[in-house]
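What follows is calculated from the coordinates using simple rules that are stated; it is not laboratory data. Everything quoted here is computed from the prediction, not taken from an experiment. Here the Cβ is made from the backbone with ideal geometry for all residues, glycine too, and neighbour counts use every protein chain on show.
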Amino acid sequence: MKKLIMVAAVATFSLASCKKDYVCTYTDSDGEKHTTDYPGLNKSGKSAAETTCALSGGTLSEK
């Protein structure tokens, strides 16, 4: 039982630590460069931020 709890704790910690910070960089119609920070995103959050960033004509990169 103790081994099972230890494995579950390690798995939970591993999943929690997969969050990363991202930044969207884009240039507006006036030629000004802008950035938007996306802190602590998991995979689904990254996907949503990537879509939003692409719609504004930017690129999403890891900080």
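Note on residue 18 and residue 56: their simple-model spin labels are 2.6 nm apart, each label 7 Å out from Cα toward Cβ. Under 5 Å between amide H atoms, partner at least 5 residues away or on a different chain: which partners does residue 38 have, H built in plane at 1.01 Å? It is 22, 23, 24, by chain and number. Couplings for the range 18-31, taken from phi via the Karplus curve 6.51 cos²θ - 1.76 cosθ + 1.60 with θ = phi - 60°, read 7, 6, 9, 9, 10, 9, 9, 10, 8, 10, 7, 5, 8, x Hz in order; Gly and Pro are left as x. Which net charge results when you count Lys and Arg as +1 and Asp and Glu as -1 among the other residues whose beta-carbon is under 13 Å from that of residue 20? Here the count lands on 0.
Taking a Cβ cut-off of under 9 Å around residue 63, the surrounding Lys, Arg, Asp and Glu residues balance to a net charge of -2, with basic ones at +1 and acidic ones at -1.
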